[in-house]
Amino acid sequence: MFWLKTRIVEGEGSLESLKNEARNHERVLILSSGSMKRGGFLSEAEDYVKEAGAETMSIAGLPAEPSVEAVEELLPKVREFQPDLLIALGGGSVIDTTKALKVFYDAPDLVFEEIAFIDRFSKPKPVPKLKTPLIAVPSTSGAGSEVSAASVLKKGGVKYNIVTPEIAPDVAILDPRLPRRMPKEVARNSGLDVLVHGIEAYTTNVAGPFSDAMAIRAIKTVFEWLPKSLEGDAEARARMHYAATMAGIAFLNARLGLAHAMSHKGAWMGPHGLLNAILIPYVMKFNAERSEYARKRYDEIARELGLKSAEELIQAVKELNEQLGVPKLNDLVDEETFTAKLDEMVEKAYHDGLIAFNPVEPKPEEIRKLYLKAFYGE
Ligand SMILES: NC(=O)c1ccc[n+]([C@@H]2O[C@H](COP(=O)([O-])OP(=O)(O)OC[C@H]3O[C@@H](n4cnc5c(N)ncnc54)[C@H](OP(=O)(O)O)[C@@H]3O)[C@@H](O)[C@H]2O)c1
Ligand SMILES: [Fe+2]
């Protein structure tokens, strides 16, 4: 099966489509990050909603890499305003926060620990039908949350997923004016997340022909356009913006693998996309050595890029990381803290739900070795 719940509106200036989308709604809540307010996009969005005849309230300054606590803090404001439409204006962090707010606003009896995928060996409680529609307007080109069915939240420095079609946005508005304002580092980190989404979605054990098409197109776009995007090239920024959503469509269907399991469980170490970029070459080597299927799939990606083999692809990913100045894990955290947290990360990554989709089921000792290799940059 291949599915996509989200209606996608794209193009320069497409934020204006909020005028249509907000029609027939009474109270519209816009959640946004600080940069969207500073850049004037929040007030532009508010104007469109008002033109549609709806009352609007905004909450700006939502945090990056959101936690369960951040969602709990915002929830009373949402309940008080009683919106009948939610608009998330920001990066993956804002979209994920808004998705979680939708869950607890529409279904106040639910508890995060009961509905999140905490452990792949036990099933979470199903999320019932949720009523408030959600529009996602991504300002980064990375997470793919504007089409995905997941909300990723931190609890104690570790990330867990809520996954249900109920939180997949109803509409995604892809206006390339927004990501053009991303600082270079945000463009790099989120752009490399697109690469890892593409590579992992192409190699899971549930990948299919339609998710493959989206994944390959996203991977090719990253290699061709991400470096130019970091130089501020306007066309490159637009291409990366669409590629991010394509990769999102790929992993919505084909899911993700070991690199994401490990980055989620090491979330305290740094930004999501950056951790994935650091981990992916090690995960690819591990998968390719143990699985004929994984090797064949990496070979296919390599050929699409004009390379010969899985080995050349892994090398190309490492070179892209170097070219874009991706640090080593031990530049991000000190050895003592890393060593103290290693057991917990290994244990939790081993229990992460995404391991079930990775082409190889790793043993805890193997996950430990991968974290250590990534830390020492071997
Ligand atoms: N749900 C999913 O399917 C999924 C998939 C992958 C990743 N994720 C999650 O998504 C999060 C990462 O999202 P992200 O990579 O999109 O980054 P982000 O964490 O949403 O944004 C990073 C920073 O970039 C700034 N920023 C964003 N857009 C900007 C713009 N247009 N101009 C200037 N500054 C901008 C924001 O600063 P300000 O605060 O100043 O605005 C923010 O602090 C992680 O928590 C990750 O776990 C979710
Ligand atoms: Fe990701």
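The values are calculated or read from the model by the stated rules, or taken from the named source; none is laboratory data. Everything quoted here is computed from the prediction, not taken from an experiment. Cβ placement follows ideal geometry from the backbone for every residue including glycine, while neighbour counts extend to all protein chains displayed. Accessible surface is based on the protein model in full, side chains and every heavy atom, while ligands, DNA and RNA are left aside. Shrake-Rupley method; radii C 1.70, N 1.55, O 1.52, S 1.80 Å.
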(request) Please go through the stretch 48-59 and pick out each residue that is touching a Lys or Arg at 6+ places or on another chain (Cβ under 9 Å) and either closer than 16 Å to residue 94 by Cβ or open to solvent by 40 Å² or more (accessible area, probe 1.4 Å) (or both). (result) 51, 53, 55, 57, 58, 59
(request) Please find, among 327, 364, the residue that is touching a residue at least 12 places away in the same chain (Cβ under 8 Å) and more than 26 Å from residue 254 (Cα to Cα). (result) 327
(message) Could you check the stretch 346-366 and list, in sequence order, the residues that are in contact with a Phe, Trp or Tyr (Cβ under 6 Å, 6 or more places away or on another chain), part of a helix (DSSP H, G or I) and open to solvent by less than 40 Å² (accessible area, probe 1.4 Å)?
(response) 353
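Could you list all residues from the stretch 1-44 that are part of a strand (DSSP E or B), of a type outside the set (A, V, I, L, M) and open to solvent by less than 50 Å² (accessible area, probe 1.4 Å)?
First, pick out the residues of the stretch 1-44 that are part of a strand (DSSP E or B): 7-10, 27-32.
Subsequent filtering for residues that are of a type outside the set (A, V, I, L, M) retains 7, 10, 27, 32.
Of everything in the stretch 1-44, just one residue is part of a strand (DSSP E or B), of a type outside the set (A, V, I, L, M) and open to solvent by less than 50 Å² (accessible area, probe 1.4 Å), namely 32.
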(request) Test residue 200 against the criterion of being in a helix (DSSP H, G or I), of a type in the set (Asp, Glu) and touching a His at 6+ places or on another chain (Cβ under 8 Å), and give yes or no. (result) yes
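Could you go through the stretch 237-246 and let me know if any residue there is open to solvent by 20 Å² or more (accessible area, probe 1.4 Å) and away from ligand 2 (no atom under 16 Å from the Cβ).
So the first thing to find is which residues in the stretch 237-246 are open to solvent by 20 Å² or more (accessible area, probe 1.4 Å), and the list is 239, 242, 246.
After this cut, where a residue has to be away from ligand 2 (no atom under 16 Å from the Cβ) as well, the list is 239, 242.
Yes, there is a match, as at least one residue in the stretch 237-246 is open to solvent by 20 Å² or more (accessible area, probe 1.4 Å) and away from ligand 2 (no atom under 16 Å from the Cβ).
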(request) Run residue 169 past the list (1) within 16 Å of ligand 2 (Cβ to nearest atom); (2) buried (at least 24 other Cβ atoms within 10 Å of the Cβ) and report the number of the one that doesn't hold. (result) (1)
(request) Can you confirm whether the stretch 316-325 contains a residue that is in contact with a helix residue (DSSP H, G or I) (Cβ under 8 Å, 6 or more places away or on another chain), within 19 Å of residue 378 (Cβ to Cβ) and open to solvent by 50 Å² or more (accessible area, probe 1.4 Å)? (result) yes
(message) Among the listed residues 369, 308, identify the single one that is over 25 Å from residue 211 (Cβ atoms), open to solvent by 10 Å² or more (accessible area, probe 1.4 Å) and assigned by TED's automatic domain parsing to the domain that holds residue 204.
(response) 369
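Residue by residue, here is whether (1) of a type in the set (A, V, I, L, M, F, W, C); (2) assigned to a helix (DSSP H, G or I) holds:
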{"position": "206", "(1), (2)": "yes, no"}
{"position": "216", "(1), (2)": "yes, yes"}
{"position": "237", "(1), (2)": "no, yes"}
{"position": "240", "(1), (2)": "yes, yes"}
{"position": "260", "(1), (2)": "no, yes"}
{"position": "294", "(1), (2)": "yes, yes"}
{"position": "297", "(1), (2)": "no, yes"}
(request) Identify all residues within the stretch 77-101 that are over 14 Å from residue 146 (Cα atoms) and within 16 Å of ligand 1 (Cβ to nearest atom); write none if there are none. (result) 101
